[in-house]
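Below is one structure, written out as structure tokens, with a few remarks after it.
A short reminder: the numbers here are calculations on the coordinates, not readings from a lab. If you're wondering where the values come from, they're calculated on a predicted model, not measured in any experiment. Every residue, glycine among them, receives a Cβ derived from its backbone with ideal geometry; neighbour counts consider all protein chains shown.
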Amino acid sequence: MAAFVGALKKLSICLILWLNTLPFLQGGSDYYEFKYPFIKRASSFWASSSSFSSSNTDEASYDYIIVGGGTAGCPLAATLSQNFSVLVLERGGIPFSNVNVSFLSNFHIALADTSPTSPSQPFVSTDGVINARARVLGGGTCINAGFYTRANS
């Protein structure tokens, strides 16, 4: 029995050490901007907002514009993009470059972060419950750590 417990401890330590190397394997935000060329920052669509003019003949047109790259927006955009041109507008960033989103052990940090660049935005619902609204590509599934709530009957 002692040998089994010792082997289990060694396996757990190896797993933890391996999981800690994942941020390095995932790369930084620059890596993902090259890996996913279809993801662009809104500021890249025109040089500056003050120099934007409606007489630009190179303006892109889209069949569908989806606001929100969350749990429903991303799959909907993927399905529609098979036959149509689609633009997804998401105010958040890419979740893979944020270790607070990528790892379950850090999810509480992402929920507690109230900075303008955090992947979650705290708000109080009308019944006084403190919640977190996602602002990251992938939506609430990226920040909720698998939790769900169900109303009383």
Single residue of the range 77-90 satisfying the filter (of a type outside the set (A, V, I, L, M, F, W, C) and surrounded by 13 or more Cβ atoms within 10 Å (Cβ to Cβ)) that is farthest from Val67 (Cα to Cα): Ser81
If you go through the range 108-120, how many residues are within 12 Å of the chain's Cα centre (by Cα) and over 24 Å from Ile65 (Cα atoms)? 2
Looking at this structure, is Val129 of a type in the set (A, V, I, L, M, F, W, C) and free of Cβ contacts under 8 Å to residues at least 12 places away in the same chain? yes
Give me the pairs: first residue in the range 82-95 and more than 22 Å from Gly140 (Cα to Cα), second residue part of a loop (DSSP other than H, G, I, E, B), beta-carbon distance under 6 Å, and six or more apart or on different chains, which are they? Phe84/Asp63; Ser85/Tyr62; Ser85/Asp63
Would you tally the residues in the range 117-139 being crowded, with 20+ Cβ neighbours inside 10 Å and of a type in the set (Ser, Thr, Tyr)? 2
